[in-house]
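> Okay, handing you the structure first.
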C-alpha cells in the first residue's frame, strides 16, 4: 500500500488495513468512524483558523520552531503560542 501523500491514511482506513497491510481491528475502525462522524457534524469557526491549526500540526514535523513561527507571521497568522511550542516542540 502506498504510504505517501495526504490521503494515504484515509485510503488505508477505508480499506481496513494498516500501511503495512495488516488488518485494523474492527473495534478501532468502529470507534474511529464514530468519532469522525461526530467531528463531521461539528460547526466550524472559520477556514483560516482551521488552516492555521493544520499548518501548525503538520509544519511542526517539517520545520524548526523558529522557522515555523516566522513563516506563520509572514503568512499573516499569529505566531506560535506557548502551549503550541510546549506541545509540538517541548
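> At 0.36 nm per residue, and after removing the present C-alpha to C-alpha distance, how many nm does the segment from residue 43 to residue 8 gain when stretched out fully?
Roughly 10.0 nm would be gained on extension.
> I'd like to know how the range 47-89 sits against the 2.2 N^0.38 Å rule of thumb: what's its Cα Rg over that expected value? It would help to have the intermediate numbers written out before the result.
Details: Rg = 9.2 Å, N = 43, 2.2 N^0.38 = 9.2 Å.
The reported ratio for this selection is 1.00.
> State the Cα centre-to-centre distance between the range 1-37 and the range 53-90 in whole Å.
27
> Sticking with this one: With an 8 Å cut-off on Cα pairs and a minimum separation of 6 or more residues, tell me the relative contact order of the chain in percent. Numbers along the way, then the final one.
On the way: 38 pairs, mean separation 13.4, N = 90.
Dividing the mean separation by the residue count of the chain yields 15 percent.
> Give me Rg/Rg_expected for the chain, where Rg uses Cα atoms only and Rg_expected = 2.2 N^0.38 Å with N residues.
Working: Rg = 16.4 Å, N = 90, 2.2 N^0.38 = 12.2 Å.
For the chain, the normalised Cα radius of gyration is 1.35.
> At 222 nm, what value in deg cm²/dmol follows for the chain if DSSP H runs of at least 4 each add -39500 (n - 2.57) and the sum is divided by all its residues, to the nearest 500? All intermediate terms of the calculation are to be shown ahead of the outcome.
Working: 5 runs with 59 residues, N = 90.
Mean residue ellipticity at 222 nm (helix-derived): -20500 deg cm²/dmol.
> Taking only the C-alpha atoms, wrap a convex hull around the range 1-45 and report its volume per residue in Å³ as a whole number.
Details: hull volume 3.1 nm³, N = 45.
Measuring per residue, one finds 70 Å³ for the Cα hull of the range 1-45.
Computed from the coordinates by the stated procedures, all read-outs in this text should not be read as laboratory data. For clarity, every value in this text was computed on a predicted model and none was experimentally measured.
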